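Data block below; observations after.
The values are calculated or read from the model by the stated rules, or taken from the named source; none is laboratory data. All values reported here derive from a predicted model rather than from experimental measurement. Don't worry about glycine lacking a Cβ; one is built from the backbone with ideal geometry, like all the others, and counts go over all protein chains shown.
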Amino acid sequence: MPSFSPYDWNESIQQRNEYIEDRLREGSPVIAVAYEDGILMLTLRHNQRKLYEIYDKLMFGAIGNHSDIEQIRIGAIDVAHAEGFSRSADDVSLQRLASFRLSPAIKKIYSDPFAQPVVLKGIFAELGKTADKDILLVLSYDGEFTITPGYAVIGGSFGSEDKMSDHLKSATADGAPSLGTAVNLALKAWAIGKQHAESLNRPNDDEDDTPPTPEEFLAETLKTGLVIEATVLERNVTRESRYRVLRADEVKEFTTV
Amino acid sequence: MTLSNASEHASSSGSLLELLRGGPDSGRLPFPTPVSGPSGRDIDTHSTTVIAVKYKDGVINVADRRATAGYAVMYDQAEKVLPLDDHTLISISGSFAKSVEVVRYLRHTFKYFERSQLQPMSQEGKLMELQRVIVNNVPAALQGIGAFIPVLSTFDREQDQGRIYFYDALGGQFETAEYGAAGSGSGPIRGAFEYILRTKGPFRDMDRATALKETLTLLEIAADLDTATGGSAKHLPAAKYITADGITDFTEQEIKTGLGRA
């Protein structure tokens with residue numbers, strides 16, 4: 001049997017990170033924002049849906065390989081429904097789902113140098129009984145996850161995620177926005193993140209050009225055929241399933257960016 | 001990667017049952033199998049009257065609120081009209097425990113299918129699921145355990161009209177043009193439905209208030225004629241309606257008006 005030293009392990013992890021980051025780079029950012037009466041998730045996409053319902057008060061959006069996203073999505077749905085049926089909907093929690101099921105499974109694959117890694121970054125959103133119980137959780141390809149209050153972002157690079165976070169941090173500093181405001185904040189964040197990612201990919205552009213503003217960039221992007229996909233978890237409705245896909249006309253009505 | 005052992009097959013078919021069972025199988029519910037013992041009893045439904053009638057904009061469901069065990073009244077606030085999804089109501093008669101479990105199972109089945117398959121289960125598919133549950137319950141029901149017979153009402157958005165289905169004890173499904181009823185009180189009032197149809201015209205042409213009034217009157221007659229059906233003196237009957245917009249509870253005031261007590 002060939003020997004496998006700590007150095008090999010180190011190198012394999014590094015290569016694996018490069019491989020994954022490389023594949024995530026082109027991803028269309030996904031943004032989640034807690035608004036007055038719920039949680040909004042938003043992205044721009046071509047034809048394939050990117051934002052999904054997991055359970056009554058759980059939704060999920062991700063970037064990465066579609067087959068990997070599907071596996072995580074289905075896995076989460078299975079775990080949630082088996083638990084929700086055999087115990088109660090109240091026992092289905094994001095904290096349990098992430099810490100005990102998703103994270104360990106992904107971590108295991110990530111740490112196995114002979115396994116195909118999961119190419120995925122995802123946001124899970126859980127609607128709480130009250131706004132302070134809302135949870136936004138970012139799950140990464142290495143199994144690690146972070147919980148953030150107020151908003152969460154995923155994008156093709158750490159730099160673009162930082163830029164989006166900066167924008168949302170200052171914009172939500174005064175408390176949760178209305179749904180309309182949240183849609184516009186998320187759209188602008190998307191443009192900032194995507195623009196940053198694209199500038200990294202094309203470093204040789206003529207530096208004299210003033211880059212377009214995020215608003216201009218967004219308008220240009222929408223002309224190329226990308227469509228806005230926005231979903232919400234609504235707090236003040238009587239439906240058991242709080243998830244709803246915002247209709248195109250609703251999004252259009254909100255959009256001022 | 002498998003997050004749950006059972007997930008691989010279940011997620012490709014969207015079947016909650018397979019998820020719970022850990023693989024494809026005959027489709028029996030994860031309920032206790034019936035004990036063997038003396039059989040030969042008839043499947044008899046007891047202790048209730050549930051009624052569904054069509055009206056101009058959809059379907060109305062009403063039910064008494066009595067739950068009995070033998071000759072004892074166990075509970076007088078039972079809820080027997082239950083939503084299966086945003087446009088479907090199931091009104092239950094027979095074993096309350098079994099009915100509630102079936103409703104819970106069906107609700108999860110529909111939701112699991114829609115979420116995993118990214119498309120809602122078809123109306124036909126939902127009806128099939130309900131039929132299968134009733135059929136699977138026949139052996140237990142024949143032994144006198146947990147027989148239940150539902151009436152299912154739904155708003156068919158493709159045809160833009162309400163639809164009502166009733167069932168026999170063996171899972172036979174019948175669609176009805178005007179009304180459906182189940183439970184021990186439904187037999188004695190059957191003629192009254194026909195009388196209303198012949199003298200006042202079809203339910204499906206009535207407005208909501210008129211149809212509710214007729215339906216509550218029928219329920220009151222059932223309560224008078226059947227010991228296992230509760231009257232409205234202590235607690236108002238349960239009443240809901242389905243339209244294209246979804247399921248709505250009748251207000252207390254509307255029910256009182258329908259009973260002539262406003």
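Taking the criterion of being polar (S, T, N, Q) and in a strand (DSSP E or B), the residues of the stretch B:73-99 that qualify are B:88, B:91, B:93. Scanning the stretch A:140-149 for any residue that is touching a residue at least 24 places away in the same chain (Cβ under 8 Å), surrounded by fewer than 22 Cβ atoms within 10 Å (Cβ to Cβ), at positive phi and within 14 Å of chain B (Cβ to nearest Cβ) turns up at least one such residue. Across the stretch A:217-255, the number of residues qualifying as outside any helix (DSSP H, G or I), over 26 Å from residue A:124 (Cβ atoms) and small (Gly, Ala, Ser) comes to 1.
Scoring residue B:55 on the criteria (1) farther than 24 Å from residue B:218 by Cα; (2) touching a Lys or Arg at 6+ places or on another chain (Cβ under 8 Å); (3) at pLDDT 85 or above leaves a single failure, condition (1).
Tell me, please, whether a residue that is among the acidic types (Asp, Glu) and in a helix (DSSP H, G or I) can be found in the stretch A:123-130. The answer is no; no qualifying residue exists. The set of residues in the stretch A:142-162 being within 15 Å of the chain's Cα centre (by Cα) and either under 14 Å from residue A:73 (Cα atoms) or assigned to a helix (DSSP H, G or I) (or both) consists of A:158, A:160, A:161, A:162. Applying a threshold of 6 Å to beta carbon distances and a minimum spacing of six or more residues, or different chains, the list of pairs starting in the stretch B:138-158 at a residue that is farther than 15 Å from residue B:84 by Cα and ending at one that is surrounded by fewer than 24 Cβ atoms within 10 Å (Cβ to Cβ) and basic (Lys, Arg) reads B:144/B:41; B:146/B:98; B:148/B:98.
Scan B:82, B:170, B:130 and give me the residue that is of a type in the set (A, V, I, L, M), crowded, with 17+ Cβ neighbours inside 10 Å and more than 14 Å from chain A (Cβ to nearest Cβ).
Numbers: B:82 fails: more than 14 Å from chain A (Cβ to nearest Cβ); B:170 fails: crowded, with 17+ Cβ neighbours inside 10 Å.
Exactly one residue qualifies, and that residue is B:130.
Checked against (1) at pLDDT below 95; (2) within 14 Å of chain B (Cβ to nearest Cβ), residue A:7 meets all criteria but (2). Checking the structure you have, find out if any residue of the stretch A:25-42 is within 13 Å of another protein chain (Cβ to nearest Cβ) and surrounded by fewer than 15 Cβ atoms within 10 Å (Cβ to Cβ). Looking for residues that are within 13 Å of another protein chain (Cβ to nearest Cβ) and surrounded by fewer than 15 Cβ atoms within 10 Å (Cβ to Cβ), one finds none in the stretch A:25-42, hence no. Screening the stretch A:66-112 for residues that are modelled with pLDDT of 95 or more and assigned to a loop (DSSP other than H, G, I, E, B) and picking the one that is nearest to the other protein chains (Cβ to nearest Cβ) gives A:92.
Please work out if residue A:53 is out of contact with any Cys (no Cβ under 6 Å at 6 or more places or on another chain), within 14 Å of chain B (Cβ to nearest Cβ) and under 23 Å from residue A:246 (Cα atoms).
yes
Among the residues in the stretch B:112-127, are any of a type outside the set (Phe, Trp, Tyr), away from chain A (no Cβ under 14 Å) and either under 14 Å from the mean Cα position of the chain (by Cα) or over 30 Å from residue A:76 (Cβ atoms) (or both)? Looking through the stretch B:112-127, at least one residue is of a type outside the set (Phe, Trp, Tyr), away from chain A (no Cβ under 14 Å) and either under 14 Å from the mean Cα position of the chain (by Cα) or over 30 Å from residue A:76 (Cβ atoms) (or both).
The condition of being aromatic (Phe, Trp, Tyr) and closer than 30 Å to residue A:50 by Cβ holds for only one of B:167, B:75, B:112, B:105, that being B:112.
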